[in-house]
Structure formats: C-alpha cells, structure tokens
Amino acid sequence: MSLRINDTAPDFTADTTEGPIRFHEWIGDGWAVLFSHPKNFTPICTTELGTMAGLEGEFRKRGVKIIGISVDPVESHHKWKDDIQKATGHAVRYPMIGDRDLKVAKLYDMLPAGAGDTSEGRTPADNATVRSVFVIGPDKKIKLILTYPMTTGRNFAEILRAIDSIQLTAKYPVSTPADWKPGEDIVIAGSVSDEEAARRFGAFEAVLPYLRKARQPAA
C-alpha cells in the first residue's frame, strides 16, 4: 500500500515504552508526529531522538503528540534511552514503538511486504527506508511525509515550521510561501475573491493576478 498526503494514517496496535497503544485512540482529537528509525543504537538516530525529547514542549504548545518507532523490540528501546540521554542531555519521555515483527514499518510503506517478519538479524542498511516522518491531523489524515537518508539527520525545526503552516492553512483560506516563518506574510487562496480577501485580511498586495500576499491572520 502506497501512502500519500490526505490518506488516512493506518491504525494499528503496538507495544511501546509507555505501554500498549491503539494508534488512532492514542492520537485522540489532536495532532501527532510519527517518526521512524531503522535500528536502535545507530548514531544519527540517537541524536534525533534526543533532539525530539528536547523539543517536546514546542510540539505540546501546538497540540501535537510525538511518538517514535524503531525496528527493534521495546526492551531494546529502554536500553537505548540511556544512551540518548547521555549523548544529548535529553531524557526520552514520549513513547517509542517496538516493531519487532516489522508490522508498522510495512503498514506505513517503509519496508516491502517481502521484508520478512522479524527484526532479528537485520542491519540498519536492511531497514534504510525506515526514515520517514508523518504529520497526522485530528481527522487522522496524513498531512506531511518527509523521508531522509540514514546519513542525513532530520531538521526538526523545519518540521515545527511545517506544522505551523499546516495548522494555519487548515484554519484560514491561505497558503504559505517558500521559506515562510510564523508572522510573515501569507498567500491568499485562489478561491477567495478580491472583495472577500479585503474583508477577511484587509489590505493585500497583488504581486500577480494569482499571487496575492497579506498579513498573516491571527493563528
């Protein structure tokens, strides 16, 4: 199954470092980020999990839960957490899914169906495609997918920026331009007439007939 933006995020049950969960139930009526890892005790993933632990408050401000998954059992995750804190100074308190049987990795199209049914004996290279980030909305739809190679650590500031945009554009008929940051001008949706744009956003700049910029509405 190939996953795309606006598809329903597949539901599943799994063991985590915080106990068993049913994914959609765990998300509740808020937002979630699911970020995946090919193997425990790998250097780049160690830095990423620690960075996410340090940013957990920023995600919480946005009403976003975070959850990690690695292609290894939960008992191994608990041991890895010590290394993560030692390396980054941040304790992992969010749940980490154990994917011993590769079920979730396959469900989210990060491993092929023929990848086997156990994490035992698999190397990080075998699981190199389990390096994706999924942003999931309250409607359980996938809003964003990012996939990184193993050699490139993820930019979690960009993920926060993207969430700010996704949440803003879910609330107002606007889009955000390249390199947009919160507080900067937005682009008015083409479905909004000039008259309605003036009523909703005040003065706006028509850079092109199809590119109208205005001040960001209150989030």
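The values are calculated or read from the model by the stated rules, or taken from the named source; none is laboratory data. All figures in this text were calculated on a predicted structure; none of them were measured in a lab. For neighbour counting, all protein chains shown are included, and Cβ atoms are generated from backbone atoms with ideal geometry for every residue, glycine included. Only protein heavy atoms, including side chains, enter the accessible area calculation; ligands, DNA and RNA are left aside. Shrake-Rupley method; radii C 1.70, N 1.55, O 1.52, S 1.80 Å.
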For the chain, the per residue accessible area (1.4 Å probe, Å²) is 49 Å²
Rounded to the nearest 0.05, FRET efficiency between ALA125 and LEU208 (Cβ-Cβ, R0 35 Å) equals 0.15
GNM of the chain, Cα pairs under 10 angstrom: of ASP99, ASP194, ASP139, the biggest fluctuation goes to ASP194
With only helices counted (DSSP H, runs n ≥ 4, each -39500 (n - 2.57)), the per-residue ellipticity at 222 nm for the chain, to the nearest 500, works out to -9000 deg cm²/dmol
Under the 7 Å Cα-to-Cβ spin-label approximation, ASN6 and GLU158 lie apart by a distance in nanometres of 2.4 nm
Tilt, helix 74-88 to longest principal axis of the chain (alpha-carbon atoms), in degrees rounded to tens, equals 60 degrees
Flagged as over-length at 27 Å C-alpha distance, from LYS79/LYS106; LYS65/LYS86; LYS103/LYS141; LYS81/LYS141; LYS86/LYS141; LYS79/LYS141, the pairs are LYS81/LYS141; LYS86/LYS141; LYS79/LYS141
So the carbon and sulfur contribution to the accessible area of region 15-58, 1.4 Å probe, in percent, is 51 percent
Taking the dipole of the chain about the Cα centre (Lys, Arg +1; Asp, Glu -1; charges at Cβ), the one of THR147, ALA162, VAL92 that reaches farthest to the positive side is ALA162
In whole percent, the fraction of accessible protein surface over region 68-207 that belongs to carbon or sulfur atoms, probe radius 1.4 Å, stands at 50 percent
Region 138-172 scanned against label point 7 Å out from HIS24 along Cα→C-beta; backbone N under 17 Å for 138-143
DSSP beta bridges in the chain: the antiparallel percent, rounded to 5, is 70 percent
Largest fluctuation, LYS106, LYS81, LYS61 only, Gaussian network model of the chain with Cα springs under 10 angstrom, belongs to LYS61
Computed about the Cα centre, the charge dipole of the chain from +1 Lys/Arg and -1 Asp/Glu charges at the Cβ has a magnitude in debye, to the nearest 20, of 360 debye
